[in-house]
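The values are calculated or read from the model by the stated rules, or taken from the named source; none is laboratory data. Note that the coordinates shown come from a computational prediction; the quantities given were computed from them, not determined experimentally. FYI the Cβ positions are ideal-geometry reconstructions off the backbone, even for glycines, and counts take in every protein chain you see. Areas reflect the complete protein model, heavy atoms only, side chains present, ligands, DNA and RNA absent. Shrake-Rupley method; radii C 1.70, N 1.55, O 1.52, S 1.80 Å.
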Amino acid sequence: QALSEDLERIIDAGLVWKTGSGASALYVFKHALVRDAAYESLLRRTRQACHARIAAVLQEHFPDIAAEQPELIAHHLSGAGNDEQAIEFWRKAGQRALARTAMREAAVHFQRAIGSVSRLPEESRWLECELDLQNEIAPVLMTVQGWGANDVRHACERARELATRLSRFDKIYPPVWGLWTYYFLRGEMDEAATTAKAVLAM
C-alpha cells in the first residue's frame, strides 16, 4: 500500500509515466536526467543495498531473467559492490553475446568483468580468472577494433604476463599468437619476427 501511494505521488508530480495495470504495470521516468538525479540523491550505502536486494530477488524468484539477461544481474551486483559475483554474470553475458555474434556487446561485458576483477585482491584465483577473460576478450577486440588495435595488444600482453606469472603455459599460446598478428599488421617487423619465433617454438 505504501509503495502504491508513493508511486501515485510521483506520477501526480509528473516525474514518471505508468503503462499497464496491476502486476504488469510499468513505471518509467519521463527523462533520464530525472532518473539520474533521483539515483544520485540516495546515499551510497542505500543505493548498494537496493542493488543487492534487486539482484537477490531476480536470482531467487525470476531464474528465467537471470539466465536470459545475466548482464542485468551483473549490473545490480556491481552496483551493490559485489564484484566477486558480478564477474561471473558479466562473463556469462559476454559469452551469450558472443554466441549471438554481438561482438561489441560482448566486448563491453568482458571489459566490465575485467574491471570487476581489477578491484579484487591479487590472489591467484582472480589472476587466473583475469587470464581467461583477457584470452576471451582479445579475439573479440580483434573483430570489433581490428587486429592492429592497441586494446588488442594490451589484452594479449596482459594475458601473456599473467600466464607466465601463474606458470599457466597451456594458456600462453593464444596471446603470443595475437601479439604476432598485432605487430605484423602494424608493420612492426622486428617485433613480429621475434614473436613469430616464439609462436613457432610453441
A 1.4 Å probe over the protein heavy atoms gives the stretch 2-94 a carbon and sulfur accessible-area percentage of 57
Rounded if a/c is under 1.5, else prolate if a/b beats b/c, else oblate: with a ≥ b ≥ c from the C-alpha gyration tensor eigenvalues square-rooted, which is the stretch 1-63?
oblate
How do 172-185, 11-24, 52-65 rank on mean C-beta neighbours within 10 Å, highest first?
172-185, 52-65, 11-24
Build a GNM of the chain with springs between Cα atoms under 10 Å: which of 31, 154, 109 gets the top mean-square fluctuation?
31
What do you get for the angle between helix 189-201 and the principal long axis of the chain? Use alpha-carbon atoms, 0 to 90 degrees, nearest ten.
90
Return the whole-Å distance between the Cα centroid of the stretch 1-46 and the Cα centroid of the stretch 149-202.
50
Between 0 and 90°, nearest 10: helix 44-61 axis offset from the chain longest Cα axis
90
In degrees from 0 to 90, rounded to the nearest 10, what is the angle of the helix 83-99 Cα long axis to the longest principal axis of the chain?
70
Förster-model FRET efficiency, 41 Å R0, residue 4 and residue 43, C-beta, rounded to 0.05:
0.95
How big is the convex hull of the Cα atoms of the chain, per residue, in Å³?
157
Residue separation times 0.36 nm, minus the C-alpha to C-alpha distance between residue 11 and residue 104: what's the value?
29.8 nm
Whole-number accessible area per residue in Å² for the chain, which is evaluated in the context of all protein chains at 1.4 Å:
60
Surrounding net charge for residue 165, when Lys and Arg each add one and Asp and Glu each subtract one, Cβ distance under 15 Å:
-3
What is the gain in length, in nm to one decimal, between residue 122 and residue 23 on full extension, counting 0.36 nm per residue of separation less the C-alpha to C-alpha distance?
31.1 nm
A student applying the Cα gyration tensor rule (rounded when a/c is under 1.5; otherwise prolate if a/b is larger than b/c, oblate if not) would label the stretch 43-138 oblate
Relative to a virtual label point 7 Å from the Cα of residue 145 in the Cα→beta-carbon direction, which members of the stretch 72-111 show backbone nitrogen distances below 16 Å?
103-111
Leading residue at positive end of dipole, the chain (Cβ point charges), from 115, 74, 51:
115
Quick one: net charge around residue 124, please, counting Lys, Arg +1 and Asp, Glu -1 for every other residue with C-beta under 15 Å from its C-beta.
-3
